[in-house]
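For reference, the structure discussed in these notes is given below.
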Amino acid sequence: MTAPDPSLLSLNTATVRAQWALPEIIAGCVRHGIGRIAPWRDQVAQAGLADTARRIRDAGLALSGYCRGGMFPALDAAGLRAARDDNRRAVDEALTLGAPCLVLVVGGLPKDANDRPASKDLAGARAMVQDGIGELLAYARPAGMPLAIEPLHPMYAADRACVNTLGQANDLCDALGPGLGVIVDIYHVWWDPALQREIARAGRAESAPGASRLMGFHLCDWLVPTQDLLLDRGMMGDGVIDIPLLRSWMEDAGYRGPHEVEIFSAGNWWKRDPDEVLATCKARHAAVC
């Protein structure tokens, strides 16, 4: 394959969140010629929503997404209402920032006050996810904010996301209709034997002929051995994922959008000089993606 278009590179702000606050990340992207960014809600809240929107606009950056909404399952009606209200705020923030979509990490089993799973009803949690997304779509569609489900690796089914394959995400899109798409984060889905077929299915958007529901492509790598289930992602090229192959499947399905680097790395990349991290992201995107 040919090298990817460098203008498609985007930085998910989690990649250097341990070293820099959001204003520094924005300035770093400008300094390194990275033209796209995907901020997280907690970082935006710390920096201020209006100020962040202004900084991104003044820097000439485009957003590749906004992280994140979701976390729908709850033990009781009050918890479900709280999730609903928080997700509506996330939609409003995404609109203010000019994001192309709000990324949804849907949540796992309902949790108690100590943030521990308080149910073993996985099917029930998935039903709450479908209901929650459907309700949020009724709010997001009139505002013109697309929602994008990010399926997470099955190791997160209990605590972070009970949607674990791209096939499950596509099924939700079929059930709930327009305004809903998917994020293909290779860290979470590279192992799936149905991945090529499901990427093609998302590109065809069977529920909306002629449209695509592919709303994002997230890059990192899977290290062997993995030292931490959450905080040990690899830089592209340091692991076992055939990234060019997955990019070819995305492009064959019609995807021409951003390539968003999202690396959680407490033991390595979060300890490095953030300018080195951004420079490495650019170099690896060109060389191994």
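We did not get these values from a lab; they are worked out from the coordinates using the rules stated. None of these values were measured; they are calculated from a predicted model. Every residue, glycine as well, gets a Cβ built from its backbone with ideal geometry; the counts of neighbours run over all protein chains shown.
Annotations
- Asp232, Asp252 arranged by Cβ crowding within 10 Å, fewest neighbours leading: Asp252, Asp232
- Segment 168-207: equivalent-ellipsoid semi-axes (sqrt of 5 x gyration tensor eigenvalues, Cα, Å): 18, 10, 8
- Choice from Ala83, Ala118, Ala62 showing the highest fluctuation, given a GNM over the chain with Cα pairs closer than 10 Å: Ala118
- For Ile263, residues with placed amide H under 5 Å, excluding near neighbours: Thr15
- Shape call, segment 108-194: gyration tensor on alpha carbons, a/c limit 1.5: oblate
- Considered as an equivalent ellipsoid built on the Cα gyration tensor, segment 60-174 has semi-axes of 23, 15, 13 Å, the largest given first.
- Expected 222 nm ellipticity per residue - DSSP helices of 4 or more, -39500 (n - 2.57), all of the chain, to 500: -13000 deg cm²/dmol
- For segment 37-144, trypsin sites (Lys or Arg not before Pro) meeting the loop criterion (DSSP other than H, G, I, E, B) and having at most 15 other Cβ atoms within 10 Å: Lys120.
- Charging the Cβ of each Asp and Glu at -1 and of each Lys and Arg at +1, and nothing else, the dipole of the chain about its Cα centre rounds to 420 debye.
- Antiparallel bridge percentage (DSSP; both residues within the chain; nearest 5): 10
- Exposure proxy ranking, count of Cβ atoms within 10 Å, fewest first, for Asp159, Asp76: Asp76, Asp159
- Percentage relative contact order, the chain, counting C-alpha pairs under 8 Å, at least six apart: 20
- Of all DSSP beta bridges confined to segment 66-218, the antiparallel ones make up roughly 5%.
- Note on the chain: percent of Cα-Cα distances in each 10 Å bin, starting at 0 and stopping at the bin with the largest distance, equals 7, 29, 38, 23, 3, 0.
- Per-residue ³J(HN,Hα) for segment 30-39, Karplus 6.51 cos²θ - 1.76 cosθ + 1.60, θ = phi - 60°, Hz, x for Gly and Pro: 4, 4, 9, x, 9, x, 9, 8, 9, x
- Listed residues His218, His32, His259, most fluctuating in the chain (Gaussian network, C-alpha, under 10 Å): His32
- Panel order for Phe264, Phe72, by other beta carbons found within 10 Å of each beta carbon, from fewest to most: Phe264, Phe72.
- Proportion of all alpha-carbon pairs of segment 2-75 beyond 15 Å (%): 54
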